[in-house]
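Throughout, read-outs are computed from the coordinates displayed, never taken from laboratory work. This structure is a prediction, so every number in the text was calculated from the model and none was measured. Glycine gets a Cβ as well: all are built from the backbone with ideal geometry, and neighbour counts include every protein chain shown.
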Amino acid sequence: MTSNAFTLDDVGVTFETPDGPLIAVQDVKMDVEKGRFVVLIGPSGCGKSTLLRVLSDLLPASKGTARVFGGSGAQARKERRLSFVFQDATLLPWRSVLENVRLPLQVGRWSRLKREANDPAEMVRLVGLEGRENALPHELSGGQRQRVAIARALVTRPDVLLMDEPFGALDEITRDRLNDELLRIWRETGTTIVFVTHSLSEAAFLGQTVVVMAAKPGRILDVIELDARKPGNEIDRTGEAFFGITSDLRHLLERADAA
Amino acid sequence: MKNRFEWLWPVAGFVSLIVLWWGLIVVRDVPKYIAPKPGAVWASLVDNASLLLDNLWPTATAALGGFIIGNLIAVILATIFVHSARARKMYFPVVVVFNTIPIIALSPILILIFGLTLTSKMIVAAIICLFPTLVNMLRGFESVSSSELELMRVMSASRTEVFLRLRLPRSVPFLFAALKIAATSCVIGAIVSEWIGAEKGLGVLIIQTTFDYRTELLYAAIAVSSALALVLFMAVTLAERFLVRWRTN
Ligand SMILES: Nc1ncnc2c1ncn2[C@@H]1O[C@H](COP(=O)(O)OP(=O)(O)O)[C@@H](O)[C@H]1O
Ligand SMILES: [Mg+2]
């Protein structure tokens with residue numbers, strides 16, 4: 001058994017479009033160790049979402065292999081070891097907060113898996129929405145809706161949390177607060193997180209590993225391990241180290257543009 | 001808070017038109033067999049209450065029966081079509097073509113098959129409800145976003161679960177929009193069917209009073225038909241208010 005959550009070997013995805021084949025990503029080699037916080041960053045269209053979709057078995061790789069916990073993505077998905085958080089919270093508007101968080105336990109043969117679940121009410125508390133259990137999604141702010149989406153993703157105690165620009169539509173203040181809480185949740189749960197963003201500061205703040213991607217064709221440009229510069233994956237947003245990481249990432253992305 | 005006398009506006013609207021109607025008849029000196037005065041219609045409504053009620057029941061039964069059957073079939077068809085692209089390709093065009101047949105032409109055919117029965121009336125009322133509800137339900141079932149479908153897929157939800165947990169609740173507002181149309185059209189269906197042939201019912205009463213120049217009673221029968229449709233419409237509206245509390249963001 002490997003200790004890798006993901007192993008991508010030479011993965012490529014090509015879409016057939018009316019203008020001919022479009023290479024969304026190519027030559028992706030990536031190992032993600034269990035329990036790590038990995039951030040994918042790059043300009044829009046560089047294949048970040050595509051890569052997350054391959055990891056979660058929503059999309060087959062056209063080339064290469066993607067293995068999840070040493071097995072197939074489909075297997076991991078059926079075993080409900082993956083959770084996904086989308087940019088729009090994707091809450092079911094007719095369900096209350098608590099009922100939305102309960103949804104994953106009501107579908108996909110959850111009860112047959114005999115796995116231990118988190119208490120939905122406890123998850124609502126974890127994301128700081130105690131007292132809003134019975135609210136309907138339209139009664140919540142954008143940030144609160146995204147919190148519900150995170151609670152819903154965590155209720156199955158997933159081994160991996162895939163997040164596709166989950167805070168991309170939020171204002172910076174709300175985003176910073178949610179980033180703090182996401183790190184806290186990550187520490188408490190030990191979940192492997194793969195987080196997509198196009199915000200440099202978000203990447204610098206959250207990631208242990210930052211994967212920098214480039215577009216046309218979508219590919220990995222560089223992988224930066226931040227363990228030495230961020231002991232315990234903790235960093236002060238106003239400190240020198242943080243600005244150092246942010247500007248390094250900026251230089252890399254600029255180089256990606258020039259290339 | 002909304003003004004508690006808000007309901008007075010529509011009442012004033014109706015009253016103003018009734019006064020206009022009354023005024024026109026007085027001014028133009030219209031004979032009462034052509035158009036009666038509002039007061040005479042009201043008197044006829046009261047005097048013939050038992051006759052009107054006697055004719056209301058068969059129509060109401062046909063309309064309500066047709067409403068239930070037609071909408072139920074529409075929902076079942078939409079469910080089948082959303083699950084089987086092939087069934088949809090084969091039979092949706094059939095439904096579209098069938099829908100182009102004027103309902104008034106369909107009635108005699110049904111009467112030939114089923115006779116002057118409640119069944120043929122109900123079928124006409126059902127057919128008239130079916131198409132709008134089918135089209136609306138298909139749209140409702142399909143109004144799910146790609147990220148909602150991906151969410152269900154990440155959770156390994158089955159097709160049945162996607163249908164029951166996502167498509168069906170999503171379609172409820174579309175269903176109610178269709179039911180509001182059906183609430184009035186099912187009464188039209190029942191009455192049209194009664195024109196072609198029936199022993200009893202508001203449609204029969206309307207035809208008879210027209211030919212007998214019992215114009216006041218004709219107007220009274222029309223008022224009762226409209227009241228029937230209105231009651232159905234309000235029942236649907238109330239049910240919707242009770243069942244649909246959510247909004248899309
Ligand atoms: N279903 C699809 N069909 C065709 N092209 C697609 C599809 N999904 C994504 N693409 C293309 O693949 C490329 C990468 O897309 P995506 O992974 O969404 O990028 P990112 O998330 O980094 O913005 C883009 O050029 C996009 O247009
Ligand atoms: Mg994307």
Practice task
Give the distance, in whole Å, between the Cα centre of the stretch A:100-172 and the Cα centre of the stretch A:182-259.
Solution key: 25 Å
Handout entry: For residues of A:99-112, the mean tally of beta carbons on other chains within 10 Å
Key = 3
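Please give the average number of partner chain Cβ atoms lying within 10 Å of the Cβ of each residue in A:89-96, rounded to a whole number.
The per-residue average across the peptide is 5.
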Problem - Cross-link reach list, lysines versus B:Lys200, counting only Cα pairs under 30 Å and skipping chain neighbours closer than eight places - result: B:Lys32, B:Lys37, B:Lys121, B:Lys180
Practice task
As a check on your grasp of the helix formula, calculate [θ] at 222 nm for chain B: sum -39500 (n - 2.57) over DSSP H runs of n ≥ 4, divide by the residue count, round to the nearest 500.
Solution key: -27000 deg cm²/dmol
Handout entry: For B:Leu8, A:Leu51, order by how many other beta-carbon atoms lie within 10 Å, fewest first
Key = B:Leu8, A:Leu51
Handout entry: Whole-Hz ³J(HN,Hα) from phi, Karplus 6.51 cos²θ - 1.76 cosθ + 1.60, for the stretch A:178-189, glycine and proline x
Key = 5, 4, 4, 5, 5, 4, 4, 5, 4, 5, 6, 9
Completion exercise
Rg (one decimal) and Dmax (whole number) from the Cα set of the stretch B:177-248, in Å, equal 15.6, 55
Fill in the blank from the handout: Under the Karplus relation with 6.51, -1.76 and 1.60 and θ = phi - 60°, whole-Hz ³J(HN,Hα) for the stretch A:119-134, x at Gly and Pro, equal 6, x, 5, 5, 5, 4, 5, 4, 8, x, 10, 4, x, 10, 3, 9
Fill in the blank from the handout: Expressed in nanometres to one decimal, the distance between label points 7 Å along Cα→Cβ at B:Ala105 and A:Leu22 is 4.7 nm
Handout entry: 0 to 90° range, to nearest 10: angle between helix B:49-83 axis and chain B longest Cα axis
Key = 20 degrees
Completion exercise
D (µm²/s, integer) via Stokes-Einstein for chain B, Kirkwood Rh across alpha-carbon pairs, 20 °C, 1.002 mPa s: value 103 µm²/s
Problem - the protein assembly as shown: equivalent-ellipsoid semi-axes (sqrt of 5 x gyration tensor eigenvalues, Cα, Å) - result: 64, 26, 20
Problem - Spin-label proximity, B:Asp54 to the stretch B:171-215 - amide N less than 13 Å from point 7 Å beyond Cα toward beta carbon - result: B:200-202, B:205
Problem - Equivalent ellipsoid dimensions for the stretch A:88-157 as semi-axes, Å, which come from the Cα gyration tensor, largest first - result: 20, 12, 9
Problem - Full-extension gain in nm, A:Asp176 to A:Asp9, via 0.36 nm per residue minus C-alpha separation - result: 56.7 nm
Completion exercise
Given backbone amide H placed at 1.01 Å from N, residues whose amide H is under 5 Å from that of A:Leu40, ignoring those fewer than 5 places away on the same chain, are A:Phe195, A:Val196, A:Thr197, A:Val211
Practice task
List the residues whose amide H sits under 5 Å from the amide H of A:Val85, counting only those 5 or more places along or on another chain, with H placed 1.01 Å from N in the peptide plane.
Solution key: A:Leu162, A:Met163, A:Asp164
Practice task
Calculate how many DSSP beta bridges within chain A are antiparallel, expressed in % of all such bridges and rounded to the nearest 5.
Solution key: 55 percent
Completion exercise
Taking alpha-carbon centroids only, the stretch A:1-77 lies from the stretch B:91-141 a number of Å equal to 51 Å
Practice task
Round to the nearest 10 and give me the degree value, 0 to 90, for the angle of helix B:202-211's Cα axis relative to the longest principal axis of chain B.
Solution key: 30 degrees
Fill in the blank from the handout: Beyond 21 Å (Cα-Cα) in this structure, taken from A:Lys29/A:Lys216; A:Lys34/A:Lys63; A:Lys29/A:Lys63, we find A:Lys34/A:Lys63
Practice task
Go through A:232-240, B:59-67 and give me the packing order, highest mean Cβ count within 10 Å leading.
Solution key: B:59-67, A:232-240
Completion exercise
In order over the stretch A:236-243: 3J(HN,Hα) from phi, Karplus 6.51/-1.76/1.60, θ = phi - 60°, whole Hz, x for each Gly or Pro, gives 8, 5, 10, x, 4, 4, 4, 5
Problem - Cβ neighbours within 10 Å from other chains - mean over B:29-41 - result: 0
Problem - FRET efficiency for B:Val244 and B:Leu72, using Cβ-Cβ distance with R0 set to 22 Å, rounded to 0.05 - result: 0.70
Practice task
Could you check which residue among A:Arg147, A:Arg36, A:Arg187 shows the biggest mean-square fluctuation in a GNM of chain A with a 10 Å Cα cutoff?
Solution key: A:Arg187
Fill in the blank from the handout: Counting sequence-distant residues (5 or more places) and residues on other chains, those with an amide H built under 5 Å from that of A:Thr14 are A:Ala24, A:Ser62
